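Read through the structure below, which is laid out as structure tokens, and then see the notes.
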Amino acid sequence: LWGQLLDAIDKSRPVRWSTDDKRFRPLVDLLGMVRRGCESPRVDSPNLMLHGPCGTGKTTLQCVLYLGNVEAGIDAVFLDSIELRTLVNDLNSKFSQTADQADRELARLLRHDVIFWSDVGDTNATRKEFAETISVVLERFGGRLVTSANYSPPELEQHPDIGKRAVSRMMALRNGKPAVIVTLDGLDQRRHGMKTQAEVTSL
């Protein structure tokens, strides 16, 4: 599945990417690295963050990597900010049964080797405890984090629902390896990939 999804990505799309060296490179180079990562995934790989504007392929690349990990037998889970917000709300519920069930769900979450967290900071928490709880959750989690966000790490540090503590965990060393930050840049490819009304009607 990961191979089919990766092959379906248009490598000529005008999306560029860079790491800490700030040298932007074509999308095709990144897709080659993702393929190699899926062919030989490692549970001890460093934390990874993909960030950039909407529609540059962050979530799609996360899905490819997630499927590659699962195929290799790595215990990974994929979730988004809405799911985490619901979990935090339930953990802080005044109803003990709801809170107890959420606590069991959290324990299962923390047992995974890799957490793929999509759309970090893309929802507004309904409770003020969200940022604090997320920080505690990330501090308790000893595995690998693969995150995606429309915001850069400094912007997430200022985000009311994320904050410095949580970002510190996302960027933490793993097995002596620094976190990898990939910056994507380009137009929203979701719009450019849409068919026109005439094309849709003719299908």
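Worth a mention:
- Antiparallel content of DSSP bridges confined to the chain, in %, to 5: 30 percent
- Shape of region 33-122, Cα gyration tensor, a/c cut at 1.5: oblate
- For the chain: accessible area per residue (Å², 1.4 Å): 54 Å²
- Compared with the dominant Cα axis of the chain, that is its longest principal axis, helix 27-39 is turned about 60°.
- One equal scatterer on each Cα of the chain, no solvent, Debye formula: the resulting log10 I(q)/I(0) at q = 0.11, 0.13 Å⁻¹ is -0.55, -0.75.
- Expressed as a whole percent, the accessible area of the chain that falls on carbon and sulfur atoms is 51 (1.4 Å probe).
- Exposed trypsin sites (Lys or Arg not before Pro) absent - longest run of the chain, DSSP non-H/G/I/E/B, at most 13 other C-beta within 10 Å: 129-194
The values are calculated or read from the model by the stated rules, or taken from the named source; none is laboratory data. Note that the structure is predicted; figures quoted are calculated from it, not measured. Virtual Cβ from ideal backbone geometry, glycine too; neighbours counted across all protein chains shown. When the accessible area is computed, the model is the full protein with side chains, heavy atoms only, and any ligands, DNA or RNA have been set aside. Shrake-Rupley method; radii C 1.70, N 1.55, O 1.52, S 1.80 Å.
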